[in-house]
Amino acid sequence: MEIIAKIQTDFPTKFGIPRQSGLVESLKGVITFEPKYRNPQGVYGLDGYSYIWLLWSFSENHRQGWSATVKPPRLGGNKRMGVFATRSPFRPNDIGLSCVKLERVVLDEKNGPMLYVAGVDLMDQTPIYDIKPYIPFTDSHPDAKGGFSDAVKDYELEVSFPAHLLAHFPEKREAVIYVLKQDPRPAYQRDETRRYGVDFAGFDVRFHVKGQVLTVCELEERASGMIFR
């Protein structure tokens, strides 16, 4: 398969990315096609759809081999399920699937068609293999069973984000709060004294979690190295 495009997002690393697309709709992304695929005719009619499917590569998944079972984070990281009953990145083939909102299609003079999307769950510069339209009357199944995910779909943390620190995200306040609500910690980490950090929109957002409350304690601006408390 050939890479047809790459996406720009606010996540330079994997840590902190929502575990599913659509969980944080305020997370934005821009898809830019590779030079070979920058023909505007390729996206003709795409702006008639509200959502699109992305088929992409877990490009930072360097694990060798695969396992028939995995430990889903939402089950605490201590219960195994079949790999094909999960969306774990550790699969026989490193293919990801995301459904994102298509906000607009822009025909850029330099880069060709550019797709502005929301609700992303991809790392910055993730390679994309294919793009397909989401078709409501076939792709939507409101009465479908959700397996073990139904029991944990409403799980969120309460986020305490001091106003003077949140002010560093004037256009992305909702996005950064909802990223933290999803509990970015590894499933096996529940040490209330440990400090974690999510690399988001140019800042290392550092926090700790006690019970169900996540408290942001400081920011480090990546470009300057300045720390804000």
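The values are calculated or read from the model by the stated rules, or taken from the named source; none is laboratory data. On a predicted model such as this, the values are computed, not experimentally measured, just so you know. Cβ sites come from the backbone with ideal geometry, for glycine too, and all protein chains shown count toward neighbours. In case anyone asks, the SASA skips ligands and DNA or RNA and just uses the protein heavy atoms, side chains included. Shrake-Rupley method; radii C 1.70, N 1.55, O 1.52, S 1.80 Å.
Kindly check whether there is at least one residue in the stretch 207-225 that is crowded, with 17+ Cβ neighbours inside 10 Å and basic (Lys, Arg). Within the stretch 207-225, not a single residue is crowded, with 17+ Cβ neighbours inside 10 Å and basic (Lys, Arg).
Pairs meeting the criteria (first residue in the stretch 211-229 and in contact (Cβ under 8 Å) with a residue 12 or more places away in the chain and of a type outside the set (Gly, Ala, Ser), second residue part of a strand (DSSP E or B) and open to solvent by 100 Å² or more (accessible area, probe 1.4 Å), beta carbons under 6 Å, at least 6 apart or on different chains) are Gln212/Glu158; Val213/Glu158. Considered as a group, the residues in the stretch 188-229 that are part of a loop (DSSP other than H, G, I, E, B) and of a type in the set (S, T, N, Q) include one that is modelled with the lowest pLDDT, and that residue is Gln189. Selection over the stretch 182-203 of residues that are free of Cβ contacts under 8 Å to residues at least 24 places away in the same chain, closer than 24 Å to Val70 by Cα and open to solvent by 40 Å² or more (accessible area, probe 1.4 Å) gives a count of 2. Scanning the stretch 68-80 for residues that are buried (at least 17 other Cβ atoms within 10 Å of the Cβ) and outside any helix (DSSP H, G or I) yields Val70, Lys71, Pro72. Taking the stretch 22-42 as the region of interest, how many residues are among the small types (Gly, Ala, Ser) and either more than 30 Å from Pro72 (Cβ to Cβ) or in contact with a Leu (Cβ under 8 Å, 6 or more places away or on another chain) (or both)? Within the stretch 22-42, residues that are among the small types (Gly, Ala, Ser) and either more than 30 Å from Pro72 (Cβ to Cβ) or in contact with a Leu (Cβ under 8 Å, 6 or more places away or on another chain) (or both) number 2.
A count restricted to the stretch 78-106 and to residues that are of a type in the set (Phe, Trp, Tyr) and at pLDDT 90 or above stands at 1.
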